[in-house]
Amino acid sequence: MSLDTKPAPLPATRTRRTRFLQRPSSFTAVTIAAAVVLVLIVCVPLLKVVFDMFVKDGAFSLDAVTRTLAIEDLGKVIRDTLIVVVGSSVLAVVIGFLLAWANERTDARFGLLNDILPYLPFLLPPVAGAVGWTMLLSPKAGLVNAWLRELVLAPMGIQLQTGPFDINSWYGLIMVYTFYAVPYVYMNVSAALTTFDSSLEEASRISGASYFTTLRRVTLPALAPSIGAGFLLSTWFGFGMFSIGAIIGTPAGIDLIAVRIVKLLTFTYPPEEDLALGLSAIVMAFVGLSYYVQYRVLKNSKFSSIGGKSAARSITRLGPWRPVARAAVLLYIAVSTLLPMAGLFLVALNGYWTPKIKWDSLRFDAFRTALLEDPQTQEAFLNSLGLGVVGGLVGITAAAMVSLYVATKRNPFTRGLDAAIKLPASISHMVIAVGILLLLGREPFNLGGTWLILLLGYLAIYLPQASIAADAAVAVVGKELAEASHVSGGGDWKTFFRVYAPLMTPGLVGGWALLFIRIVGDLTASAILSGTENVVLGFRILEVFNGGSYALLAALSAILVLVTGTVLMFVLWYTKRFGVAKTHAAS
């Protein structure tokens with residue numbers, strides 16, 4: 001027997017097991033710890049909701065279910081919610097698809113405006129948008145209504161005391177919900193259209209099919225997954241939205257589940273937790289049903305796939321219809337975002353809510369009161385800005401480390417972490433906030449109304465956005481740079497700070513801005529988790545609205561718009577400057 005016989009290689013299973021048992025580096029250990037904490041923040045509150053639904057005083061109980069089913073107007077609440085959520089989601093699909101098609105597949109695109117369009121609704125947080133539309137289309141004092149009655153209808157001999165529009169109505173509520181759901185559809189469909197091979201449509205046209213037949217049999221089936229994802233996100237958004245329903249729907253007598261949950265937990269003493277749990281379970285059931293319907297539709301449908309190394313894109317020349325398409329896009333932007341913003345600033349500068357605007361004596365008294373003379377408002381601003389800055393930094397930093405770990409360690413464990421962190425995207429924000437309150441607001445933690453419970457609630461709700469932004473930032477960094485750093489002797493921490501962090505910065509700054517804006521303008525979680533000692537801006541706006549101080553209300557909402565707009569402009573400026581600097585460095 002030869003003495004230099006080489007030993008047989010270890011089986012692959014033992015090799016993988018050995019690698020798994022190796023002591024992780026400090027960077028990996030910190031990353032895994034951060035991922036586990038994030039998963040716990042997301043998943044434990046949801047488990048708490050399910051647990052409390054069926055366990056009371058340590059024993060199995062169906063009290064929450066039976067009491068919920070015994071709600072006298074339960075059928076009306078469910079019906080109203082479904083009408084608003086489904087109706088706005090369908091309209092959002094139509095509008096979002098048309099906007100994406102006009103901007104990606106026709107010569108009506110506006111260049112830079114295409115990049116800004118998806119972010120425009122974020123300039124106007126839902127609570128501020130609801131207030132702005134109320135001041136424009138309130139039946140009696142609405143600015144647009146009054147101007148229409150005086151300048152358009154009166155010269156035609158039509159005398160009206162109210163209207164012609166009423167924001168506190170079915171169409172008003174569905175309209176505002178639609179405006180905030182459109183970006184979810186637009187961003188999904190727009191991304192799909194950029195990679196869609198238009199040669200499929202050209203082949204259909206050459207075969208004699210009309211434009212509408214090609215649209216029905218080629219384009220729409222190929223985009224079905226993206227359209228379905230946009231519709232699904234719209235329904236998730238609708239089921240969890242509180243501020244729009246409270247400000248516009250409640251005066252109209254339209255009862256929504258999200259509004260009822262907040263009333264049961266915040267404006268009822270003692271809080272009706274059993275009923276809130278039961279309604280939260282109904283929301284979870286509808287969200288799960290919508291996800292299942294989308295899954296079955298996509299599974300059973302036969303849609304075109306997009307493949308190949310590159311996709312040919314043809315731009316449709318609209319000819320004389322090009323100005324019409326551009327005008328329609330600009331009109332949508334003006335109506336959905338700019339018009340309610342203008343209403344807020346006019347009322348705030350005028351000093352009180354009236355269609356008789358004193359154009360020659362507009363003043364900043366309401367802004368001065370909001371920022372300098374109202375202690376509660378000052379505290380709300382400081383709390384919201386602090387939570388936005390800290391929550392954004394913590395969320396995007398932790399998400400970046402986890403995304404980097406997932407991207408470099410592809411295995412079932414990392415995929416499970418990634419899925420768990422993105423779980424809140426498929427759950428109503430209202431349900432997560434209820435779970436956070438039940439878990440941390442009572443014994444033994446007693447964190448109800450504190451800064452910490454608000455921070456944890458915001459992180460749990462908006463973590464998917466941070467994770468998605470971090471994934472995109474990680475994707476732009478090639479593995480070769482990290483490998484070169486390791487070969488040169490750089491450890492994990494040095495590679496992260498010297499290689500990954502600088503290149504990921506633009507994407508992470510954008511992710512931080514998104515988190516900051518969502519946290520500062522949040523009302524869904526704030527209405528449930530905020531306390532009298534830690535009032536935040538969204539909840540303060542709701543308090544002022546209920547109190548009837550309309551000039552202060554408009555000023556608060558306008559300042560919120562200015563803050564979010566400033567942050568967005570900074571991000572766009574920084575991203576553009578970084579891109580120019582990187583181009584010069586490369587050349």
Pair list, Cβ under 8 Å, 6 or more apart: segment 51-76 residue within 14 Å of Arg260 (Cα to Cα), other residue at pLDDT 80 or above and outside any helix (DSSP H, G or I): Asp73/Asp255; Lys76/Asp255
Condition check for Leu46: modelled with pLDDT under 80, in contact with a Leu (Cβ under 7 Å, 6 or more places away or on another chain) and under 30 Å from Tyr405 (Cα atoms): no
Residue within segment 154-167 that is crowded, with 22+ Cβ neighbours inside 10 Å and of a type outside the set (Ser, Thr, Tyr) present: yes
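Residue by residue through segment 274-299, note down the ones that are hydroxyl-bearing (Ser, Thr, Tyr) and modelled with pLDDT under 80.
Ser290, Tyr291, Tyr292, Tyr295
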Residue count, segment 251-291 (criterion: over 21 Å from the mean Cα position of the chain (by Cα) and over 15 Å from Arg79 (Cβ atoms)): 18
Residue ID - nearest to Val535 (Cα to Cα), chosen from residues in segment 435-458 that are crowded, with 24+ Cβ neighbours inside 10 Å and of a type outside the set (Val, Ile, Thr): Leu454
Top-ranked residue of segment 375-393 - restricted to ones that are crowded, with 18+ Cβ neighbours inside 10 Å and out of contact with any Leu (no Cβ under 7 Å at 6 or more places or on another chain), ranked as farthest from Ser25 (Cα to Cα): Asn383
Which listed residue is modelled with pLDDT under 75 and either aliphatic (A, V, I, L, M) or in contact with a helix residue (DSSP H, G or I) (Cβ under 9 Å, 6 or more places away or on another chain) (or both), from Leu452, Leu481, Leu438: Leu481
Within segment 232-259, tally of residues that are touching a residue at least 40 places away in the same chain (Cβ under 8 Å) and surrounded by fewer than 24 Cβ atoms within 10 Å (Cβ to Cβ): 8
Close pairs (7 angstrom Cβ cut-off, 6 or more residues apart or separate chains): of a type in the set (D, E, K, R) and at pLDDT 85 or above in segment 349-375, surrounded by 15 or more Cβ atoms within 10 Å (Cβ to Cβ) and assigned to a helix (DSSP H, G or I) anywhere: Arg363/Leu349
Conditions (1) modelled with pLDDT of 85 or more; (2) surrounded by fewer than 19 Cβ atoms within 10 Å (Cβ to Cβ); (3) of a type in the set (Val, Ile, Thr): number failed by Val93: (2)
Filter result (of a type in the set (Phe, Trp, Tyr), surrounded by 13 or more Cβ atoms within 10 Å (Cβ to Cβ) and modelled with pLDDT under 80) within segment 546-587: Tyr574, Phe578
Qualifying residue in segment 515-532 (condition: touching a Ser or Thr at 6+ places or on another chain (Cβ under 9 Å), of a type in the set (S, T, N, Q) and outside any helix (DSSP H, G or I)): yes
Inter-residue pairs, beta-carbon under 6 Å, first within 12 Å of Leu438 (Cα to Cα) and in segment 261-279, second in a loop (DSSP other than H, G, I, E, B) and not aromatic (Phe, Trp, Tyr), 6+ apart: Leu265/Pro271
Any hit, segment 412-420, residues being hydroxyl-bearing (Ser, Thr, Tyr), outside the structural domain of Val544 (by TED's automatic domain parsing) and surrounded by fewer than 21 Cβ atoms within 10 Å (Cβ to Cβ): no
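The values are calculated or read from the model by the stated rules, or taken from the named source; none is laboratory data. Because the structure is a prediction, the values reported are computed rather than measured. Every residue, glycine among them, receives a Cβ derived from its backbone with ideal geometry; neighbour counts consider all protein chains shown.
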